[in-house]
Each structure stands twice: as structure tokens, then as C-alpha cells.
Amino acid sequence: MLFHKLVATSLGIGYIGKGAGTVAAVACCICWYLAWAGAYQAIPSVIITVCILFVGIWSSNKVVPLWGEDPARVVIDEVAGMCISMLFLPVNVTYVLCALLLFRFFDIVKPLYIKKMELLPGGWGIMMDDVLAGIYTNILLQLVVAFKLLKF
């Protein structure tokens, strides 16, 4: 069970309490930037993201009986959502910060069916609202890249 608690809390970040989701998202952004700045590789980043997603679903399912439905200390969903937000985008401070701000907006406000994803059972409900928030964030940022709306 220790493995699932470590995964679900993103190595303990979830135990911080209030704001743990934001801290997990920021930690993910820092790791993403350090890993891919100047040398982004699409295939490894997709593989890592998919692994985080499915291990997150598995671990979330395991901790729900202990901590209840959608417990605040489970923050692996924010990590998965942030990874999805940044897939196939330029890795620089501007895009990473834009991804963080947009993702947190979608994750907190939960528009456009994001809230409905929480109705899925167990780990699926915990993870999929953040997955959809990440998809919306990524689509918006892909449009920014395609139309060259940010200048460097």
C-alpha cells in the first residue's frame, strides 16, 4: 500500500494540505522543463505521460477505500493533467507557465464537461477531470503555437 500512497500523493506532496494540487502541478512543470528544455522528445514524453496516467488510476483506485472518494491528498491527477497540457509544445518558460495557468484554471473552474468526469467511479473519476483539463489546455496552446500568438 505504501507504493500506492506514494504515487497517489506524488511522493508525499499531497500531504501538504491546502494547495497541494498547485504544488504538484508546479513540481511537474519544473521536472518537465528540466527534462525537455532544449531537447524535447515526443515519444518518451508520451510514454511517461501514459504511464503516469495509468499508474495514477491504479493507485487512486487503491487509496479510495482508505481516504474516500476524490481525496484532496491525491495529486497524481494534477501531474498527469499537467503532462498532457505540455505534450508536443515548445519547452520554454513562457509555454510552461501558460500551461500551468490554463490547466489550473480548467482544473479549478471545471467548465465544458470537466465536472462531469468526476462522476466516473474510483480512480477514473479522480484522474479524468484533470485529463480533460489537460486536453483543453493543450488544444488552446497548440492554437497559440499554430497562429504564432506568442513571440520570442
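The values are calculated or read from the model by the stated rules, or taken from the named source; none is laboratory data. Because the structure is a prediction, the values reported are computed rather than measured. Note: ideal-geometry Cβ built from the backbone for every residue, glycine included; neighbour counts use all protein chains shown.
Results, tabulated for the structure shown:
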quantity	calculated
Residue within segment 78-94 that is more than 20 Å from A35 (Cα to Cα), surrounded by 15 or more Cβ atoms within 10 Å (Cβ to Cβ), in contact with a helix residue (DSSP H, G or I) (Cβ under 7 Å, 6 or more places away or on another chain) and touching a residue at least 24 places away in the same chain (Cβ under 8 Å) present	no
Of all residues in segment 23-68 being surrounded by fewer than 13 Cβ atoms within 10 Å (Cβ to Cβ) and not in a helix (DSSP H, G or I), the one that is nearest to the chain's Cα centre (by Cα)	Q41
Residue within segment 91-100 that is at pLDDT 95 or above, part of a loop (DSSP other than H, G, I, E, B) and within 21 Å of I52 (Cβ to Cβ) present	yes
In segment 95-105, residue surrounded by the fewest Cβ atoms within 10 Å (Cβ to Cβ) [restricted to those that are in contact (Cβ under 8 Å) with a residue 24 or more places away in the chain and closer than 18 Å to L149 by Cα]	L97
Matching residues in segment 14-53 - criterion: being in contact (Cβ under 8 Å) with a residue 60 or more places away in the chain and small (G, A, S)	G14, G21, A25
Leading residue by the ranking (farthest from C28 (Cα to Cα)) among those in segment 106-152 that are surrounded by 15 or more Cβ atoms within 10 Å (Cβ to Cβ), free of Cβ contacts under 8 Å to residues at least 40 places away in the same chain and not aliphatic (A, V, I, L, M)	K110
